[in-house]
1. Pull up the stretch 51-64, narrow it to residues that are under 15 Å from the mean Cα position of the chain (by Cα) and farther than 12 Å from residue 37 by Cα, then point me to the one that is surrounded by the fewest Cβ atoms within 10 Å (Cβ to Cβ).
2. I want to confirm something. Restricting to the stretch 21-36 and keeping residues that are outside any loop (DSSP other than H, G, I, E, B) and in contact (Cβ under 8 Å) with a residue 24 or more places away in the chain, which single residue is nearest to the chain's Cα centre (by Cα)?
3. Could you list, in sequence order, all residues of the stretch 65-90 that are in a loop (DSSP other than H, G, I, E, B) and either surrounded by 14 or more Cβ atoms within 10 Å (Cβ to Cβ) or touching a residue at least 24 places away in the same chain (Cβ under 8 Å) (or both)?
4. Please verify whether residue 40 is without any contact (Cβ under 8 Å) to a residue 60 or more places away in the chain, assigned to a helix (DSSP H, G or I) and in contact with a helix residue (DSSP H, G or I) (Cβ under 7 Å, 6 or more places away or on another chain), treating the condition exactly as stated.
């Protein structure tokens, strides 16, 4: 079993993520690219002591960026939207 801190990298803070958190009890995380749904579920349950109902994951390709005549890419990344059991909240992530 992998360490939860190697699976969950950071919290995604956007308007849509804040709306999902407030209205539907869903939390959005940036996760390791190699993590699957089962690993994400275990990591969230172990880190935050909540019961996870559903996990959805999405892969994102890094965007092309330029600095003058030099071009490069931002890294690819993976996002997970985790639905927590009704009535439970992750208190450390609430504002």
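1. By that ranking, first place goes to 59.
2. Residue satisfying both the conditions and the ranking: 29.
3. Those that are in a loop (DSSP other than H, G, I, E, B) and either surrounded by 14 or more Cβ atoms within 10 Å (Cβ to Cβ) or touching a residue at least 24 places away in the same chain (Cβ under 8 Å) (or both): 76, 85, 86, 88, 89, 90.
4. It is true that residue 40 is without any contact (Cβ under 8 Å) to a residue 60 or more places away in the chain, assigned to a helix (DSSP H, G or I) and in contact with a helix residue (DSSP H, G or I) (Cβ under 7 Å, 6 or more places away or on another chain).
No value in this document is a laboratory result; all are computed from the given coordinates. Small disclaimer: the values here were computed from a predicted structure and weren't measured. Counting neighbours? That spans all protein chains shown, and the Cβs are built from the backbone with ideal geometry, glycine included.
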